[in-house]
Amino acid sequence: MPASPRTARAINDRSALRLLHDQGPLTAGQLKEMTGLSRPTVADLVERLRSAGLIGVVGEAGAERRGPNAKVYGIVADIAHLAALDVRTMGVSVVVSDLLGTVLAEAALPIDETGGTEIAVERAVALLEETARSAGARELHSVGIGAPGLIDPTTGELRDSGGLPAWHRRLVAALRKELPATVLVENETNLAAVAERHAGAARDRDTFVLLWLGHGVGAAVLLDGRLRRGASGGAGELGFLPVPGTAGLPTAVDCGGGFHTLASSQAIVELGAEYGVFGPGPVGSGPAGEGVVRTAVGALSAPDLELTATGTEPPAAAHAAAFLDTLADRVALAVAATAAVLDPGCVVLGGEIGCAGGPELAHRVEERVAALSPLHTEVRAGELGGGAVLRGALLAAQEAAQDALFPSES
């Protein structure tokens, strides 16, 4: 059955808006060429979208052509303001943007529960409200939140976890109560994978696994462009993966003895000490293992460095290489296990530590996986580091806002 005229108009309008979002401002002629629609149809949809306040004239084009210059149309970016939060164990980071994702303000705040759960929640909510005000946003349309832990695939709620602060769960409920906004919550590693696919190391991949290497470890699975969360929201909980080289086995309540024991930030710090590779000391709230890996990679690329930030001699290139080799041995266990089950063809080493390892670590891991598995698996270094979570949360908020504001096809 052919689409009704109303449905056809909605489809055409949404298609034009997606093009304006992805390509930036365009003329009516360019919209005609890219959509394949007739000139009158494009003229009608431009008028509809202008009347709805969704697009406006942002300039003129055609200095090289005869006659009047063509108007250039763009999405009205300030029709909605968005926010993203990266909620970590000891703090929260916030960005506020317009509908096109242009960041208008950002802030971060360390948070703990020494003053009680409610005070921790109030501080996080206040940070978001203050950041929104500084961005000139009187009201937020959509808020995306990236948090550690399991997200219930049925309810979309952050599930209880004994290993995470209580204020994490309370924060989501508080924001939904305080704000007249759509509030979305997603596992941080899943959001990082979305960001790496959108603007990072997996831009050309619809199917890949992101292995998160930060304070802890985890993974996100994208198959055919879709996140796969698992029956209970626990797909990618590689910290619990039983692996050789540990003193025991993980349990239902403790990932000690699992892959976490080999590749967490603390494990990497301890491994570095065995090889005389040390980081620059505490830097913000990032994982200490990031500094250790950066020191090792730096020693290979610039072996004649002077004293490190800690006042110690930089490691010899041979020691740095041996450290990265051993770390790659460990990481390859999780990558090979992932390849055996999912055969994604590509694994991205994400998070602060995966990004710090760069091609030096990724190449070593890929070599080892090739020896462990008959399934070819490309290993890439993540490009966005820890910032991928905020970027992914902002993309989630942006998608929610556009779905609400752009014409419905139904």
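Quick check: anything in the stretch 138-146 farther than 25 Å from ASP78 by Cα and either assigned to a strand (DSSP E or B) or open to solvent by less than 70 Å² (accessible area, probe 1.4 Å) (or both)?
Filtering the stretch 138-146 for residues farther than 25 Å from ASP78 by Cα gives none.
No, the stretch 138-146 contains no residue that is farther than 25 Å from ASP78 by Cα and either assigned to a strand (DSSP E or B) or open to solvent by less than 70 Å² (accessible area, probe 1.4 Å) (or both).
Within the stretch 314-341, work out how many residues are within 21 Å of VAL243 (Cβ to Cβ), open to solvent by 20 Å² or more (accessible area, probe 1.4 Å) and in contact with a Phe, Trp or Tyr (Cβ under 9 Å, 6 or more places away or on another chain).
5
Among (1) farther than 22 Å from LEU324 by Cα; (2) of a type outside the set (Phe, Trp, Tyr); (3) touching a Leu at 6+ places or on another chain (Cβ under 7 Å), there is one condition ALA404 misses while meeting the rest; what is its number?
In the conditions (1) farther than 22 Å from LEU324 by Cα; (2) of a type outside the set (Phe, Trp, Tyr); (3) touching a Leu at 6+ places or on another chain (Cβ under 7 Å), ALA404 misses (3) alone.
Out of the residues in the stretch 342-388 that are part of a loop (DSSP other than H, G, I, E, B) and within 13 Å of the chain's Cα centre (by Cα), which is surrounded by the most Cβ atoms within 10 Å (Cβ to Cβ)?
This residue is GLY382.
Determine which single condition ALA132 fails, assuming it passes every other condition in (1) assigned to a helix (DSSP H, G or I); (2) in contact with a Gly (Cβ under 8 Å, 6 or more places away or on another chain); (3) open to solvent by less than 30 Å² (accessible area, probe 1.4 Å); (4) closer than 30 Å to GLY53 by Cβ.
For ALA132, the exception is condition (2).
Quick one: would you say GLU352 is out of contact with any Pro (no Cβ under 8 Å at 6 or more places or on another chain), of a type in the set (D, E, K, R) and not assigned by the TED database to the domain that holds SER51?
no
Within the stretch 157-171, does at least one residue satisfy the condition of being at pLDDT 90 or above and either more than 15 Å from LEU128 (Cα to Cα) or of a type in the set (Ser, Thr, Tyr) (or both)?
Scanning the stretch 157-171 turns up no residue that is at pLDDT 90 or above and either more than 15 Å from LEU128 (Cα to Cα) or of a type in the set (Ser, Thr, Tyr) (or both).
Spot the failing condition for VAL103; the list is (1) surrounded by 14 or more Cβ atoms within 10 Å (Cβ to Cβ); (2) over 30 Å from VAL183 (Cα atoms); (3) of a type in the set (A, V, I, L, M, F, W, C), and only one is missed.
Only one criterion in (1) surrounded by 14 or more Cβ atoms within 10 Å (Cβ to Cβ); (2) over 30 Å from VAL183 (Cα atoms); (3) of a type in the set (A, V, I, L, M, F, W, C) is unmet by VAL103, namely (2).
May I ask you to list the residues in the stretch 3-45 that are open to solvent by 60 Å² or more (accessible area, probe 1.4 Å), more than 26 Å from ALA400 (Cβ to Cβ) and part of a loop (DSSP other than H, G, I, E, B)?
Once the filter is applied, which keeps residues that are open to solvent by 60 Å² or more (accessible area, probe 1.4 Å), more than 26 Å from ALA400 (Cβ to Cβ) and part of a loop (DSSP other than H, G, I, E, B), the stretch 3-45 yields only GLY36.
Residue pairs, Cβ under 9 Å, 6 or more apart or interchain, first in the stretch 117-134 and among the acidic types (Asp, Glu), second open to solvent by 100 Å² or more (accessible area, probe 1.4 Å). List them.
As it stands, the answer is GLU118/ARG170; GLU129/GLU178, since those pairs meet every condition given.
Within the stretch 186-215, track down each residue that is in a loop (DSSP other than H, G, I, E, B), open to solvent by 20 Å² or more (accessible area, probe 1.4 Å) and in contact (Cβ under 8 Å) with a residue 40 or more places away in the chain.
ARG205, THR207, HIS215 - these are the residues of the stretch 186-215 that are in a loop (DSSP other than H, G, I, E, B), open to solvent by 20 Å² or more (accessible area, probe 1.4 Å) and in contact (Cβ under 8 Å) with a residue 40 or more places away in the chain.
Report, ordered by the first and then the second residue, all pairs with beta carbons closer than 7 Å, sequence separation of six or more or different chains, a first member in the stretch 40-60 that is of a type in the set (A, V, I, L, M, F, W, C) and at pLDDT 90 or above, and a second member that is assigned to a strand (DSSP E or B) and open to solvent by 90 Å² or more (accessible area, probe 1.4 Å).
VAL57/LYS71
Exactly one of these conditions fails for GLY236: (1) small (Gly, Ala, Ser); (2) in contact with a Ser or Thr (Cβ under 7 Å, 6 or more places away or on another chain); (3) farther than 23 Å from ALA332 by Cα. Give me its number.
Here GLY236 clears every test but (3).
Is it fair to say GLU157 is closer than 24 Å to ALA80 by Cβ, of a type in the set (D, E, K, R) and open to solvent by 10 Å² or more (accessible area, probe 1.4 Å)?
no
Only one of these is open to solvent by less than 10 Å² (accessible area, probe 1.4 Å) and at pLDDT below 95: LEU179, LEU175. Name it.
Values: LEU179 fails: open to solvent by less than 10 Å² (accessible area, probe 1.4 Å).
Criteria check complete, one pass: LEU175.
Looking at (1) open to solvent by 40 Å² or more (accessible area, probe 1.4 Å); (2) touching an Asp or Glu at 6+ places or on another chain (Cβ under 8 Å), find the lone condition where LEU49 falls short.
(1)
Which numbered condition in (1) assigned by the TED database to the domain that holds LEU100; (2) modelled with pLDDT under 95 is the only one that SER410 fails?
Every listed condition holds for SER410 apart from (1).
Please indicate, with yes or no, whether at least one residue in the stretch 189-196 is among the polar types (S, T, N, Q) and under 26 Å from ALA328 (Cα atoms). Write out each step before concluding.
Here is the first cut: in the stretch 189-196, the residues among the polar types (S, T, N, Q) are 189-190.
Still in the running and under 26 Å from ALA328 (Cα atoms): 189-190.
Yes; the residues of the stretch 189-196 include at least one that is among the polar types (S, T, N, Q) and under 26 Å from ALA328 (Cα atoms).
Just one of VAL253, VAL209 is assigned by the TED database to the domain that holds GLY291, β-branched (Val, Ile, Thr) and closer than 21 Å to HIS376 by Cα; which is it?
VAL209
Any residue in the stretch 140-150 that is of a type outside the set (Asp, Glu), in the same structural domain as PHE259 (by the TED database), in contact with a His (Cβ under 7 Å, 6 or more places away or on another chain) and farther than 22 Å from ASP112 by Cβ?
no
The values are calculated or read from the model by the stated rules, or taken from the named source; none is laboratory data. Note that this is a predicted model, so its numbers are computed, not measured. Note that each Cβ is placed from the backbone with ideal geometry, even for glycine, and that neighbours are counted across all protein chains shown. Areas reflect the complete protein model, heavy atoms only, side chains present, ligands, DNA and RNA absent. Shrake-Rupley method; radii C 1.70, N 1.55, O 1.52, S 1.80 Å.
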